[in-house]
Structures are given as structure tokens and as C-alpha cells.
Amino acid sequence: MSEGSQVVSNDSKMQDFEREPVPAHLRKKWLSMSLVWIAIGIDLSAMFLGAELGAGMNLVDSLTATMIGSIILGLIGALCAYVGAKTGLSTAMISRFLFGNRGARIVSIILGVFSLGWFGVQAGFFASNMQTAFHKLWGIDLSLGLLSFIGGMLMMSTAIWGYRSIERLSVWSVPLLIIFIGIALFSAFHGQGTSAIWEPISGAALPMGTAISLVIGIFIVGTVLSPDIARWARTPMHAVTAAFIGFFVGNSFMTIIAIFLSRMMDTSDLTNIFITLGLGLPAIIVLTLAQWTTNTNNLYSASLGFSVVFQRVPKSAITIVAGILATLLAVFGIYDRFLSFLNVITMFVSPIGGIYTAEYLMVDRKKFTFEGLDRNKNWVIRSLVVWAAATFFAYMTTPSPDGFGLFQMTRVPALDAFIFAFIVQWMVGKMMNKKGLHHE
């Protein structure tokens, strides 16, 4: 372990251990980590998904779909978090054991670009909701570009300081979010009664399989990136507990609230629901906090990915440059055109989780030591081939226009890629071990 990680000074408060394991004395308990994941899970996309489910299914079916999808997410998140906690390393650093020291750079760039793109989309999403809120509440018309810039800068401010500032933000924001959302639910029940919840659906019917796949799809890549947070866990058990609670509760909480609110208020527009209930200012606070916690983590993951590529540049500098780039994407309205790009790149990201969990749990966990990184090959062809094959498999199960739509497996192409990568990495790794071809 380097000298820097032993020093608990002001410098240590800035240090995020992006290229080495997190020191044992700085590791966190499961409760504070659960709050971080819950805060990441509570975002506007989960609420819009809930509104969509509420319009396309009856109450029992929409809640069932949310629960099943969230349990699956929680289990995958726990599996990935276990590897993060055992190694103490970020997703991008873990990829060096799998793909080699040079091969990992390709992976890190893809992880970084995905997280940056998602940051831009969410900042734009935040801006359009803020624009509606300011217009409806005070008749103030602010440009989307300005609001995207303000939102992006706000979200970047905490990412620069790393995990510990995300933790502080989450500890404050989760209780506030729950209080305001509780008030909104109470007001809606008080004003509308409960009969509206049970009314027949107003939109086109949504099949159960599609609904579950939407719930999983919204956060599957977040589970793959969970070592970025889990490396801060005191023990693997703390990491697994926090990840399961975080992905299960964080993902389902907002979706379930949105199902109830949208069914009672008969609209899927969250901002309008809050304003109609006379909760204008709380609406703005909820919108800001929900996106802030989620997007800070997107930028955090992006900077961890790029730290592996640009090894001589301080992480704070990487975060600032990445944050400005991602904010500019949002300012120029790229988030409209970016969504299909994100669908495409999701297929590249999700197999990485399957590969590192299979390699660690089933093939060869002994090589996953920080000291062993220097003995790594530059390229590990076996894992690169599995990654390419799993990505191609996801395209085959993705409906056109984004994929080939040849057949369906789980209805969630990202989950298909994860499962395919896990099984193939396990089988190929075992076969090569038997033949003595393993690269260690």
C-alpha cells in the first residue's frame, strides 16, 4: 500500500484511491452505503417508469413487476458489489485483471463514455423539469441551456470530492426526499381518495414480461458499476447488504410512489403532480436532490474509468474536464439524440459485470490482488473475445432499430448480455485452466 493511503490528513480527505484499494481504516458500514445507493436509485427516470407502469397495468400487476425487477437488480448488484468489496478496487481497475493492462483501457473508456453520456442525459432531463416548474410556479421562463449548465455544475461539485461527499449528500437528501414524497402522497390521498388507485388502466396494456424488463433495464448498468461504491465497504457482507437494500429499495421506492401518484392524479407528469397538489417548492427540492445524487455518481464512475486511462492526471482534474464536457452535451440539447446511443453502449457495458463476477467467483480469484497487477499481461484475449461475443448476443436480442431483434431471452438485452458473459467466461476459463493455458 502506498504512503499516501496511510496519511489521514487534509490531503487524504481529497484522496479517493481511484488507482489502489481503499485503506481498511476508511471503510464504511452498510447503513451509510445503503443510503448512497438508495439516493442513486431515487431519480426521475424511476418515477417516469412508475407513471408508465401505472398507466399500462392494474395496481397489483404494476407493483408485482416492480418488485420482481427490483429483486433481480438487488441480487445482481449484491454479486457485483461482493467483488468490489473483496478487491477494494473500482470497476475500471478490476477490469485490468480480466482484459490485461492495455485491454482494460478500452473497457475504461467505454465505461467513462457511458457514464458521461448518462450524466448529459440526466442533466438535460433535470433542466426540462425545472423549466416546467419555474414556468408554472412563478411564470419565469428560463432557457434549457442555462438550466442544464446550472444543474451540471451543481452535480459536478460533489463528484470532484469523491465518494465521501456523495455519502454526505445522500445522508441529507434521502430523509428529505422521503419526507417531501410522503407529503405529496398524503395530499393526493387526502384530496383524491383511494378509489382512483383501483380504476381500470387508461393507457395501452403493458405485458408483465415487458414491465419487468423495463424495471431491470433502468438500472442494470448501475449494478455493473457497483464496485465503484462497494470498494468502500468495511466487509464483503456490508457491501452485499448495502447493495441489495440500495438497488431493491432505491429502485422500487420511487417507482411504487409514482405508480400511486400517477393513478390518483391521472397524469404521468411528475412536476405537474407536485404543483397541482400545491407543493411547488418541495417539488423543486425533490427534483434537484433526486437528480443531484444520481448524476454525481454518474460523473464519479466516469472519472474512475478515465483515471485508469490517464494515469498521470489527478482524478479531480479528470472529474472537472469530464463534468464540463458532459454539461456541454446537456447544454447543446444532446440528450434527445443521445438516448439511442446510450441503448447501444449499454450492450457493451453490461457484459463486463458478467465477466468479472464469473472470473472472481468461478475461475480464479487468487489473481485479484493489487500487488498482482504488475504481473498482468497487456492483453487477455480470452476475456476480450467473451466480451465481444456477449455484446453481439445482446444485439441479437435487442429489437430493431437499435439491434437485430432475432430472438428474445429475458426481454432485457442488458441482462441477456450479463448472463451470457457470466456463463461463457466461466466455461472458457475452466476449460483453459484444465489445459494449463491460463495466463497466470
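Data table
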| read-out | value |
| --- | --- |
| Pairs where the first residue, in segment 3-30, is over 26 Å from Ser108 (Cα atoms) and modelled with pLDDT of 80 or more and the second is among the charged types (D, E, K, R) and surrounded by 13 or more Cβ atoms within 10 Å (Cβ to Cβ), C-beta under 9 Å, 6+ apart | Lys29/Arg234; Trp30/Arg234 |
| Helices (runs of 4 or more DSSP H) wholly inside segment 261-366 containing at least 3 residues that are in contact with a Lys or Arg (Cβ under 9 Å, 6 or more places away or on another chain) and within 30 Å of Thr132 (Cα to Cα) | 270-276 |
| Which listed residue is surrounded by fewer than 24 Cβ atoms within 10 Å (Cβ to Cβ), under 30 Å from Arg27 (Cβ atoms) and touching a Leu at 6+ places or on another chain (Cβ under 7 Å), from Gly103, Gly56 | Gly103 |
| Pick from segment 386-415, criterion in a loop (DSSP other than H, G, I, E, B) and of a type in the set (Phe, Trp, Tyr), ranking: farthest from Gly74 (Cα to Cα) | Phe404 |
| Of all residues making up segment 59-110, the number that are under 26 Å from Met208 (Cβ atoms) and of a type in the set (A, V, I, L, M) | 13 |
| Breaking point among (1) at pLDDT 90 or above; (2) farther than 18 Å from Asn101 by Cα; (3) of a type outside the set (Asp, Glu); (4) not in a loop (DSSP other than H, G, I, E, B), for Ser383 | (2) |
| Which numbered condition Phe126 misses (of (1) surrounded by fewer than 23 Cβ atoms within 10 Å (Cβ to Cβ); (2) farther than 30 Å from Phe370 by Cβ) | (1) |
| Neighbours by Cβ (under 6 Å, 6+ apart or cross-chain): first from segment 129-146, touching a residue at least 40 places away in the same chain (Cβ under 8 Å); second hydroxyl-bearing (Ser, Thr, Tyr) | Asn129/Thr271; Thr132/Thr271; Ala133/Thr271 |
| Failed criterion for Ser383 (all others in (1) under 30 Å from Ala211 (Cβ atoms); (2) small (Gly, Ala, Ser); (3) crowded, with 23+ Cβ neighbours inside 10 Å hold) | (1) |
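The values are calculated or read from the model by the stated rules, or taken from the named source; none is laboratory data. Note that the structure is predicted; figures quoted are calculated from it, not measured. All Cβ positions, glycine included, derive from the backbone under ideal geometry; neighbour counts span all protein chains shown.
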